[in-house]
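These notes are about the structure you will find just below.
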Amino acid sequence: MANFTAKDVMALRETTGAGMMDCKKALVETDGNTEKATEILREKGLAAAAKRAGKIAAEGVVGSYIHMGGKIGVLLEVNCETDFVALTDGFKAFVKDISMHIAATNPRYVSKEDVPADVVEKEKEFLTNQAMNEGKPENIATKMVEGRIKKYFKEICLLEQDYVKDTDKTIEQVLTDLVAKLGENIKIRRFTRYQMGEGLQKKEENFADEVMSQTK
């Protein structure tokens with residue numbers, strides 16, 4: 001006799017975004033253990049996403065987000081394989097949410113691979129000097145730099161950042177989950193963020209905190 005109900009299947013579907021039959025099979029396999037079933041579905045999703053990674057994603061949309069009052073604006077291009085997926089509510093909601101995230105966190109690049117090598121080396125040099133000035137031995141300083149450069153990437157690279165609407169996941173993990181759910185390769189290709197008066201000398205205003213409050 002199954003140790004789960006139809007409500008458990010529905011709850012797992014809402015949590016993972018997986019199909020009803022996949023959720024039911026996962027619960028059967030784990031004897032009704034929701035946590036283990038979620039892990040199984042996530043592993044299958046990651047495998048499905050890996051299979052899609054090589055597929056050409058040349059369709060998609062350019063989405064936008066304008067913060068109330070026109071203080072901040074974001075243009076974002078997200079690609080998928082077909083127009084059909086580009087028109088789904090899930091895909092469009094993802095584009096909107098990521099646009100709002102960009103407005104709130106102000107990343108500079110999509111991924112670590114997009115960061116110019118000279119920028120990374122300059123930051124490593126700065127962090128190394130900083131660690132040495134703190135009186136750390138060279139071997140300890142090297143480990144400190146490794147940790148701090150990861151934090152640096154998390155600050156400037158979109159995919160590395162914690163998702164503002166669910167800080168237990170990175171943007172990359174949210175993207176992977178969407179690929180598994182929609183069954184197509186999806187890529188965040190590029191974005192531009194505008195902030196009113198950026199680069200001009202003016203009264204300091206924390207627009208990012210305003211946007212962050214809108215995402216909660």
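Quick look at the numbers
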quantity	calculated
In segment 34-72, the residues that are β-branched (Val, Ile, Thr), at pLDDT below 85 and surrounded by 13 or more Cβ atoms within 10 Å (Cβ to Cβ)	THR38, ILE40
Top-ranked residue in segment 160-178 [being within 15 Å of LYS112 (Cβ to Cβ) and hydrophobic (A, V, I, L, M, F, W, C); ranked as modelled with the highest pLDDT]	ILE171
Residue within segment 199-206 that is of a type outside the set (S, T, N, Q) and either touching a strand residue (DSSP E or B) at 6+ places or on another chain (Cβ under 9 Å) or surrounded by 14 or more Cβ atoms within 10 Å (Cβ to Cβ) (or both) present	no
Test for LEU127: is it out of contact with any Gly (no Cβ under 9 Å at 6 or more places or on another chain), crowded, with 20+ Cβ neighbours inside 10 Å and part of a helix (DSSP H, G or I)	no
Residue that is modelled with the lowest pLDDT, among those in segment 100-159 that are in contact with a Leu (Cβ under 6 Å, 6 or more places away or on another chain) and closer than 20 Å to THR170 by Cβ	ARG148
Residue in segment 23-33 that is modelled with the lowest pLDDT, counting only those that are surrounded by fewer than 18 Cβ atoms within 10 Å (Cβ to Cβ) and part of a helix (DSSP H, G or I)	LYS25
GLU172 assigned by TED's automatic domain parsing to the domain that holds ASN106, assigned to a helix (DSSP H, G or I), closer than 27 Å to ARG42 by Cα and under 17 Å from the mean Cα position of the chain (by Cα)	yes
Considering residues of segment 78-116 that are of a type in the set (A, V, I, L, M) and either in a loop (DSSP other than H, G, I, E, B) or not assigned by TED's automatic domain parsing to the domain that holds THR192 (or both) only, the residue surrounded by the most Cβ atoms within 10 Å (Cβ to Cβ)	VAL110
Qualifying residue in segment 138-159 (condition: surrounded by 12 or more Cβ atoms within 10 Å (Cβ to Cβ), outside any helix (DSSP H, G or I) and in contact with a strand residue (DSSP E or B) (Cβ under 7 Å, 6 or more places away or on another chain))	yes
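The values are calculated or read from the model by the stated rules, or taken from the named source; none is laboratory data. From a predicted model like this one, the values you see are computed outputs, not experimental measurements. Glycine gets a Cβ as well: all are built from the backbone with ideal geometry, and neighbour counts include every protein chain shown.
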